[in-house]
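The values are calculated or read from the model by the stated rules, or taken from the named source; none is laboratory data. No experiment lies behind these values; they were computed from the predicted model shown. Remember, those area values only see protein heavy atoms, side chains included, never the ligands or the DNA or RNA. Shrake-Rupley method; radii C 1.70, N 1.55, O 1.52, S 1.80 Å.
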Amino acid sequence: MTLPGSRSFVRGGVVFMVIGLLAALAVVTACGDDDDDDDDDDEDETTVEAETEEATEEPPATEEATEEVTETPSATPEAEEGVIHVRAGLNDPEDITIAVLEYLPESITVAVDTTVRWELSSPEPHSVSFFPEGQQPPPPGDESVFGPTPPTGPFDGTAFVNSGLAPLGPEPVEFDVVFATPGTFSYLCVIHPLMTGTVTVVEDEAEADTQTDVDQRGDDELEQWLEDGRAAKADLVAQEPRSEANPDGTTTWYVEMGATTEHTDILAFAPVDAPVAVGDTVVFVNNSLAPHTATFANGNPIPPPVGPEVAMVVPGPSPQTLNTTDYFNTGLLPPNAPPGAGPPEAVRSFAFVVPEADQFVYLCILHVPSGMEGSITAE
Ligand SMILES: [Cu+2]
């Protein structure tokens, strides 16, 4: 390949593939975990021994262990003095392509001097970003706020504080902010504009949420968002692909790229379960509220989800004729945002002519860690 910057492209691709593999492993591990591991270092010997004895005396039955794997992960079960845990989004443990774009719960009330600890877990990254009053956040996707700006002391609402986009690998990331000043502070995710939360800080500890309150509300909200997301995924998958007959006898097929509900992104292409023939055209259309790519790697390295290669249109603008050896990338097809009033469909679309009977496999560079991939088989 003779892409500009192809050296970093290859290196990034290799790293990304490794990360992807680790992410897959991490998901499997995380689902089977009981969330105790993170706290082991902090526990005294007595607790560890007690737990070990318990584990030895009561080995979990196989059936129970299997159930645990499909259970929705909940926040750290053990309450810690002065620390409140909040989950920053998560992917549906039963269907990784459904990303919940909410803090769980959205709003919390804490006492002065509480540490709020956000847990950012893979694969869909998020941020916890506080902008001082009067400072507008940049538009979603602005890479200048992808890096972290940790707090330099207790938070009082006057400084910009940002976890940065995380995790960019498989390991969950924790982000702590100590709240020292009463008030209500809003925060958001720099890539998901609808993902917002508030922390209300009160003097009176009796008015503050306990960890149990926070977990319960988080679980209740999560259940609702998952229900919405799973319904939207079912709709996307069940859709008959839109098609048009062309004057020359070929057909143009349309592939929906993802879907969006108020609180979730569906990171999947609508399947093209249709008799695509040699000579037909397949048009990828983004009607969702997230940017996506349609990328045919054909064995070439896939660039990392953050960086200039994502937006690189290869080998050139729409339409292109596919083959099974070259790298094709639509670049970032913009979202239909604001909802239903985004750029014209032509701007959110990219057409490929299918020249031969074969299977053509594609993915979205941004969202392949969340399983966004598909294929077209032409006969
Ligand atoms: Cu995508």
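Structural remarks
- Within the assembled protein chains, the solvent-accessible surface assigned to HIS292 is about 0 Å², based on a 1.4 Å probe.
- Average projection, convex hull of the Cα set of segment 224-295: 5.2 square nanometres.
- Rounded percent of accessible protein surface that carbon and sulfur make up, segment 320-379, 1.4 Å probe: 55
- Split the accessible area of segment 77-235 by element, probe 1.4 Å, and carbon with sulfur accounts for 50%.
- Converting phi to 3J(HN,Hα) with the Karplus coefficients 6.51, -1.76 and 1.60 and the offset θ = phi - 60°, segment 202-218 yields 10, 6, 8, 4, 5, 8, 7, 5, 8, 4, 5, 4, 4, 5, 5, 5, x Hz in sequence order, with x at every glycine or proline.
- Segment 77-235: equivalent-ellipsoid semi-axes (sqrt of 5 x gyration tensor eigenvalues, Cα, Å): 24, 20, 13
- Percent RCO, i.e. relative contact order, over segment 240-377, from Cα pairs under 8 Å lying at least 6 residues apart: 28
- Taking the square roots of five times each eigenvalue of the Cα gyration tensor of segment 305-371, the equivalent ellipsoid has semi-axes of 22, 16, 12 Å, listed largest first.
- Our note on the geometry: Cα centres of segment 226-255 and segment 333-351, 16 Å apart.
- Under 5 Å between amide hydrogens, built in the peptide plane, is the criterion, and for HIS85 it picks out ARG117 among residues at least 5 positions away or on other chains.
- Length, then width, then depth: along the principal axes, the Cα atoms of segment 225-372 run 42, 35, 26 Å.
- Relative contact order of segment 75-213: 31 percent, from C-alpha pairs under 8 Å at least 6 residues apart in sequence.
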